[in-house]
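Have a look at the structure below, then the notes.
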Amino acid sequence: MSTSDPILGILGTGRIGADHARTISTLSGIGGILVADAVPESAQKIAQELGATAVSPDEIFDKVDGLVITTPTSTHAELIKKAVAKKIPTFTEKPIALDVPTTREVVDVVNDSDVLVQVGFMRRFNDGYANARKLLAEGAIGELRRGNVTMGDTPAPPESFIKFSGGINKDCLIHDADITRWVTGQRIEEVYEVGFSRGADYFARWDDIDEGGGVWTLADDSIVTFQTTRNNGAGYDIRLELFGTKDTISVGFDTYMPITSAEPGFTFEQAGDRFQAFYPRFIPAYKKEIGHFVQAMKDGSPSVATVTDALEALYVCDAMDLSRKEHRPVTVDEIRQAK
Ligand SMILES: NC(=O)c1ccc[n+]([C@@H]2O[C@H](COP(=O)([O-])OP(=O)(O)OC[C@H]3O[C@@H](n4cnc5c(N)ncnc54)[C@H](O)[C@@H]3O)[C@@H](O)[C@H]2O)c1
């Protein structure tokens, strides 16, 4: 540790906050870790586990060089604005907010400042997605024609989370919307989504679904089908297949893939246990995204997952919600241009 190594604060020590804190504790080049939560016992517990220091949510702003926001989505906007006002480089979990006006307000505040703000689109740091982006750009699969997104979440979060999550699109598919744009370099122009609540009864109670699917049309008319669930029986399954004029590539097609072949006589050798939740599936990516944030704090390099990227992904999520509710295709411009 050098004296110039930054002290990082983690605000919100729930599911992902505790996981990020554990990941940060394994990184080099960090001068210290402070944690805070609205429930002090939660922060104290993880502080004790990691040998970090627990402080109050107010105190943390005055004691850190960089902030990691992992509180519920509804609190992100105010906390980001507070951090930017205090010129604290900030990593925030997605989404910025559940609505477009609040997200735009944050985009304006961040873009009018020179403060680093990185959004938690960790898949941009996953080797598979990065390689797919490179192969597509190099022309290795020819021209893109079709894609397929699998968003197989498990286990379903509790009702206390679903209540404030903004629904499966803004909570989960927002990652797929962002990464599809990042890998292909193209905006999603039009969406059509169907969905149902077929598992726990609380999804319907909060106007949410736990099984869905549909289609996105990209700017070049490539057609991307997607399917989404909170209850993938086989394990946590996140994939992106891209079908080009020369070849097909797949992200997530590895020996952990939670699939059993129906072909008689063919066995798919599993390298180990199938992933059963989001964090283990993306540990290397979570590690790299925070490592990148710390490096950007030190060398002043720009954010690689910006608040504007988060706004773009939110437009797609709002379009999917509207499409499902009104049973019609919705252009993303309809959301982007709405007053
Ligand atoms: N990138 C990813 O893969 C990923 C995965 C899961 C969650 N998330 C995002 O992370 C955020 C948190 O999700 P979670 O599942 O960890 O939620 P959670 O409910 O498990 O944890 C949130 C924590 O924040 C605390 N808190 C609430 N308000 C606070 C405040 N104002 N100040 C300080 N602490 C406060 C709560 O007490 C709780 O401990 C959400 O925005 C979610 O969308 C991202």
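The numbers here are math on the coordinates, done by the rules we state, and not lab data. Predicted model, so just to flag it, every value in this text is computed and none were measured. A quick note on method: Cβ atoms are made from the backbone with ideal geometry, for glycine too, and the neighbour counts reach across all protein chains shown.
With 10 angstrom as the radius, rank 222, 25 by how many other C-beta atoms surround their C-beta, starting from the fewest. In order of increasing Cβ crowding within 10 Å: 25, 222.
Per-residue Karplus couplings for segment 179-192, computed as 6.51 cos²θ - 1.76 cosθ + 1.60 with θ equal to phi - 60°, are listed in order as 6, 5, 5, 5, 6, 8, x, 10, 6, 7, 9, 9, 9, 9 Hz, Gly and Pro entered as x.
How big is Rg to Rh over segment 132-216, alpha-carbon atoms, Rh as the Kirkwood inverse-mean-distance radius?
Rg divided by Rh gives 1.06.
Specify the angular offset, from 0 to 90 degrees and rounded to the nearest 10, of the alpha carbon long axis of helix 40-50 from the longest principal axis of the alpha carbons in the chain. That works out to roughly 90 degrees. Evaluated with a Cβ-only charge set (Lys, Arg +1; Asp, Glu -1), segment 167-323 carries a dipole of roughly 520 debye about its Cα centre, given to the nearest 20.
Taking the centroid of alpha carbons for each part, segment 106-182 and segment 35-72 are 26 Å apart.
For the pair segment 240-259 / segment 289-339, the C-alpha centres are spaced 24 Å from each other. Only Lys, Arg, Asp and Glu count, each charged at its Cβ (+1, +1, -1, -1), so figure out the dipole size of segment 143-199 about its Cα centre, rounded to 20 debye. Taking the Cα centre of segment 143-199 as origin, the dipole is about 40 debye. Scalar couplings 3J(HN,Hα) for segment 325-332, obtained by applying the Karplus form with A = 6.51, B = -1.76, C = 1.60 to θ = phi - 60°, are 5, 9, 6, 8, x, 10, 7, 5 Hz; x denotes Gly and Pro. Taking the Cα centre of segment 240-339 as reference, the dipole from Cβ charges on Lys and Arg (+1) and Asp and Glu (-1) amounts to some 260 debye. For the cross-link pairs 246/287; 94/163; 45/170; 63/87, the ones whose C-alpha atoms lie over 24 Å apart are 246/287; 45/170. Where a ≥ b ≥ c are the square roots of the eigenvalues of the C-alpha gyration tensor, would you call segment 281-322 rounded, which needs a/c under 1.5, or, failing that, prolate if a/b is larger than b/c, or oblate? Oblate. Between 296, 101, 252, the Cα set farthest toward the positive side of the dipole of the chain (charges on each charged residue's Cβ, about the Cα centre) is that of 296.
For the residues 61, 293, 161, 91, what sequence is obtained by ranking on other C-beta atoms within 10 Å, fewest first?
The most exposed by this proxy come first: 161, 61, 293, 91.
Put simply, the amide H of residue 238, placed in the peptide plane, has neighbours under 5 Å in 152, leaving out anything fewer than 5 places away on its chain. Note on 69, 223: ascending count of other Cβ atoms within 10 Å places them as 223, 69, the fewest first.
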